[in-house]
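Taking it in order: structure first as structure tokens, then the write-up.
The values are calculated or read from the model by the stated rules, or taken from the named source; none is laboratory data. Worth saying up front: this structure is predicted, and the values here are computed from it rather than measured. We place every Cβ from the backbone using ideal geometry, glycine too, and count neighbours over all the protein chains shown. SASA here: full protein model, heavy atoms, side chains in, ligands and nucleic acids out. Shrake-Rupley method; radii C 1.70, N 1.55, O 1.52, S 1.80 Å.
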Amino acid sequence: MQGIFNKLASYAALVGVIGAIGGGFMAWGEFNNRIAQLEDKEFIVDETVDLSGIIKELEGLKADIKINDAAINFLDAKIDELKASLDNPLL
């Protein structure tokens, strides 16, 4: 009786190994099939792109940059005035 169980266990292990190897080859074949489908596909490049919204946004950003630059220059001038007033030896 013990010999039958050992034989059944070894056969079950063999079937499991064969099934795992077959599953690996099946997955590899599906992967290669997907790659082949992508290689055979023609890609069409549409070179007409509407950039009008982006250009308007860039113009708005340029205006914001000019405003921020003026504010920074104003603050730099105020800092220089403060430094000059603190360096006055008469105070």
**Prompt:** Which angle between 0 and 90 degrees, to the nearest 10, do you get for helix 2-40 versus the longest principal axis of the chain when only C-alpha atoms count?
**Reply:** 50
**Prompt:** Cα axis of helix 52-86 to longest principal axis of the chain: angle in degrees, 0 to 90, nearest 10?
**Reply:** 50
**Prompt:** Put a dot 7 Å past each Cα toward the Cβ at Ala20 and Ile79; how far apart are the dots in nm?
**Reply:** 6.7
**Prompt:** Per residue, how many Å² of accessible area does the chain show with a 1.4 Å probe?
**Reply:** 97
**Complete:** Using alpha carbon positions and the Kirkwood radius, the Rg to Rh ratio of the range 1-45 is 1.49
**Asked** How many nm is it between the label spots at Gln37 and Val49, if each spot is 7 Å from the Cα in line with the beta carbon?
**Response** 2.9
**Prompt:** With a Cα-only, solvent-free Debye model of the chain, what are the log10 I(q)/I(0) values at q = 0.16 Å⁻¹?
**Reply:** -0.91
**Prompt:** Taking all protein chains as present, what is the carbon and sulfur share of the accessible area of the chain, in % to the nearest whole number, probe 1.4 Å?
**Reply:** 66
